[in-house]
Amino acid sequence: MALNSITLSPSSLISRKFKNFSTINSTFPHRIKSISIINPTPLLNSNLISFKNANFSYISSVKASSSASSSPPSTSVAQTHELKIKTVPTKPIEGQKTGTSGLRKKVKVFMQENYLANWIQALFDSLPAEDYKNGVLVLGGDGRYFNKEAAQIIIKIAAGNGVGKILVGKDGILSTPAVSAANGGFIMSASHNPGGPDYDWGIKFNYSSGQPAPESITDKIYGNTLSISEIKIADIPDVDLAQLGITEYGTFTVEVVDPVADYLELMENVFDFSLIRGLVSRPDFRFTFDAMHAVTGAYAKPIFVDKLGASLDSISNGVPLEDFGHGHPDPNLTYAKDLVDVMYGENGPDVGAASDGDGDRNMILGRGFFVTPSDSVAIIAANAEEAIPYFKTGPKGLARSMPTSGALDRVAQKLNLPFYEVPTGWKFFGNLMDAGKLSICGEESFGTGSDHIREKDGIWAVLAWLSIIAFRNKDTKPGEKLVSVADVVTEHWATYGRNFFSRYDYEASLECESEGANKMIDYLRDLISKSKAGDEYGNYVLQFADDFTYTDPVDGSVVTKQGVRFVFTDGSRIIFRLSGTGSAGATVRIYIEQFEPDASKHDVDAQIALKPLIDLALSTSKLKEFTGREQPTVIT
């Protein structure tokens, strides 16, 4: 399937992204010969949406629900209401420092008076007026508790600050990848953290081309939260988020949109759905997807069942719930145990997958076989050109986060592609993508993606794996043995060698635990300051030790203290980082990696192969002494 043309509906979020040919051809690496804008709804009234600053133009309309035959019956246009703006006095609230993944706190913190409102107003105060005045912003989230209430607050403050239009997903639902595909906006999510009244909530702003806001913006937001004195808010009623359609308040418009259709349209332009459908519909192939009662539950049936022909019972936990069904929506071997049990059970499905709270992470399994995220991105990169039409001319470059294993490095070397090692945080990939240097990238924390958007993308990764398995089986006749996930991985190891990899997470929920974790990192930094090449650590000889520093090859910006590394002469690595993606405490992450070129040793269990390095990591860091922890919370 060559990408010679793209057909977009005028009401599509993605069509708003592709405002001119240069944008399209920088987003899609293949030359696109034509663009068609379709309008499935005949012009009925004067409720027109016009799109400015476009090199091509069109007019779309949303028809009132009086004629069900030619427009969705749930779509409506509200009468225009008056827009009144008021100014509400406020005071700074402590603790609104924005991190890589936005602002995350307990729900009850965000529910305090003006807590969320202060942050939203501070954001608008941090942006150039031309970035939002009379413009369009997207709003959506993962369906967690407090999202619906928060959406109303954000809509009213956006109106109060002069935003022209808000596009919000029905019921407040939009996955993080879908928001990024629409060129960014507000994402209401605490990602893979638990939801509910006693758990986590978060807010993030994606900027310009859909990437997470850079530090230059988040630093301004924080600074403005320290001096904020007023909130500009529209005095308008709550918007009915359960009803598709348009509501107008003077010059301000809210449009409630289908959260799935536009993202699905993008996926159909990236992948060969007919190829995947041929695999999924085979009677000798079984697929299962665990949506973990999170946002991809809204996407799973339309994509995997309706478009690709999977059976309805292949989707588990497919209804988004405010508390994720009392679960922890983190797709790993611990929190997606139900899926793991199915895949490792007797006669398990051929391919299993899961995604997280906001839909940007993924886990891939075969029958009785777990694919590490580090191997997953390497295998996708190695097979992308032949299996995924989007990469028909080959990837432009590859990149991984520093803690991720070196499996991707070896693919880049063999394919003679540019390669980049960046700090943890997807925003570092975005700069490379915008500069045309990067196509496929990944993080060991179950994040995989490409330059089709500026976020990691869980469903994209699942479709990539289905594409690879489908391509490898396109000539497999009924009754013949299918090439399995395990076959693909072991063949990859035979070609590139295996990077044994594991991550130990020690999640802290108490301030005292965080204090011990910080002291441990300080101790390690002192240790590496005194280390030198040739130092012996048990049976390992040190090549170098440092605290990772990254210089961005695009803009020259420098980021320091991104993880303490011990790299040994045989290529083995031990890395220590603190992660602050939760709403409280700090998680100690220890990464252990060892390369094995000998195919006869590739079947060894990773925990056995890495045990000497794991023991060395624990003794070197004095983790038990500093934190009191004897066992990790999660082992990947």
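The residues of the range 469-522 that are within 27 Å of I590 (Cβ to Cβ), of a type in the set (A, V, I, L, M, F, W, C) and over 28 Å from the mean Cα position of the chain (by Cα), listed by number, are C512, M520.
Residues are listed down the side, and each one gets a yes or a no for (1) free of Cβ contacts under 8 Å to residues at least 12 places away in the same chain; (2) small (G, A, S):
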residue: R565; (1), (2): no, no
residue: T569; (1), (2): no, no
residue: S572; (1), (2): no, yes
residue: L578; (1), (2): no, no
residue: Q594; (1), (2): no, no
residue: S600; (1), (2): yes, yes
residue: Q607; (1), (2): no, no
residue: K624; (1), (2): yes, no
residue: Q631; (1), (2): yes, no
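If the condition is being under 19 Å from S579 (Cβ atoms) and open to solvent by 10 Å² or more (accessible area, probe 1.4 Å), then the range 447-457 contributes only K456. The set of residues from the range 478-494 being under 11 Å from I379 (Cα atoms) and among the hydroxyl-bearing types (S, T, Y) comprises just one member, T490. Residues that are in contact (Cβ under 8 Å) with a residue 12 or more places away in the chain, closer than 25 Å to P423 by Cα and touching a Lys or Arg at 6+ places or on another chain (Cβ under 7 Å) are absent from the range 225-240.
The set of residues in the range 127-153 that are open to solvent by less than 10 Å² (accessible area, probe 1.4 Å) and in a helix (DSSP H, G or I) comprises N147, A150, A151. Of all the residues in the range 406-431, those that are surrounded by 22 or more Cβ atoms within 10 Å (Cβ to Cβ), within 18 Å of the chain's Cα centre (by Cα) and not in a loop (DSSP other than H, G, I, E, B) number 4.
Of the residues P197, P214, the single one that is open to solvent by 10 Å² or more (accessible area, probe 1.4 Å), more than 14 Å from the chain's Cα centre (by Cα), over 26 Å from V270 (Cα atoms) and at pLDDT 90 or above is P197. Exactly one residue out of L275, L241, L264, L279 is closer than 20 Å to G359 by Cα and of a type outside the set (D, E), and it is L264. Go through the range 468-487 and report how many residues are of a type outside the set (D, E, K, R) and either buried (at least 20 other Cβ atoms within 10 Å of the Cβ) or more than 30 Å from L408 (Cβ to Cβ) (or both). Count: 7. Only a single item in (1) modelled with pLDDT of 95 or more; (2) open to solvent by less than 20 Å² (accessible area, probe 1.4 Å) is not met by F205, and it is number (1). Taken over the range 534-551, the residue count meeting the criterion of being assigned to a loop (DSSP other than H, G, I, E, B) and either closer than 14 Å to P403 by Cβ or modelled with pLDDT of 95 or more (or both) is 4.
Being under 24 Å from the mean Cα position of the chain (by Cα) and among the acidic types (D, E) is the filter here; which residues of the range 127-163 pass it? If the condition is that a residue be under 24 Å from the mean Cα position of the chain (by Cα) and among the acidic types (D, E), then D131, D142, E149 are the ones that fit.
The residues of the range 361-372 that are open to solvent by 10 Å² or more (accessible area, probe 1.4 Å) and of a type outside the set (A, V, I, L, M, F, W, C), listed by number, are R361, R367, G368, T372.
Set side by side, the residues F289, F285 differ, and just one is surrounded by fewer than 22 Cβ atoms within 10 Å (Cβ to Cβ) and closer than 30 Å to T334 by Cβ, which is F285.
From the list G394, G436, G497, the one residue that fits, being open to solvent by 30 Å² or more (accessible area, probe 1.4 Å) and at positive phi, is G436.
In summary, V319 fulfils each of the numbered conditions (1) more than 20 Å from H192 (Cα to Cα); (2) in a loop (DSSP other than H, G, I, E, B); (3) among the aliphatic types (A, V, I, L, M) with the single exception of condition (1).
Checking each residue in the range 89-126 for being of a type in the set (D, E, K, R), within 25 Å of S579 (Cβ to Cβ) and not in a loop (DSSP other than H, G, I, E, B) picks out R104, K105, K106, K108.
Looking across the range 223-242, the residues that are within 27 Å of the chain's Cα centre (by Cα) and surrounded by fewer than 18 Cβ atoms within 10 Å (Cβ to Cβ) come down to G223, A242.
Please tell me if G352 is under 26 Å from L266 (Cβ atoms) and in contact with a Leu (Cβ under 6 Å, 6 or more places away or on another chain). The answer is yes for G352.
Scanning the range 458-489 for residues that are in a loop (DSSP other than H, G, I, E, B), of a type in the set (A, V, I, L, M) and out of contact with any helix residue (DSSP H, G or I) (no Cβ under 6 Å at 6 or more places or on another chain) returns a single hit, L482. Exactly one residue out of E515, E507, E491 is modelled with pLDDT of 95 or more and open to solvent by 50 Å² or more (accessible area, probe 1.4 Å), and it is E491. When the range 213-254 is examined, which residues are found to be more than 19 Å from G135 (Cβ to Cβ) and assigned to a strand (DSSP E or B)? Of everything in the range 213-254, those that are more than 19 Å from G135 (Cβ to Cβ) and assigned to a strand (DSSP E or B) turn out to be E230, I231, G245. Name the single residue, out of those in the range 308-360 being touching a residue at least 12 places away in the same chain (Cβ under 8 Å), over 27 Å from E507 (Cα atoms) and of a type in the set (S, T, Y), that is least open to solvent (accessible area, probe 1.4 Å). This residue is S314. Restricted to the range 154-182, and to residues there that are assigned to a strand (DSSP E or B) and hydrophobic (A, V, I, L, M, F, W, C), the residue that is surrounded by the fewest Cβ atoms within 10 Å (Cβ to Cβ) is L167. Any idea which residue in the range 85-103 is modelled with the highest pLDDT, counting only those that are farther than 27 Å from P237 by Cα and buried (at least 18 other Cβ atoms within 10 Å of the Cβ)? The residue in question is Q96.
The values are calculated or read from the model by the stated rules, or taken from the named source; none is laboratory data. These numbers were taken from a predicted model, which means no experiment stands behind them. Counting neighbours? That spans all protein chains shown, and the Cβs are built from the backbone with ideal geometry, glycine included. Side chains included, ligands, DNA and RNA excluded: accessible areas come from the protein's heavy atoms. Shrake-Rupley method; radii C 1.70, N 1.55, O 1.52, S 1.80 Å.
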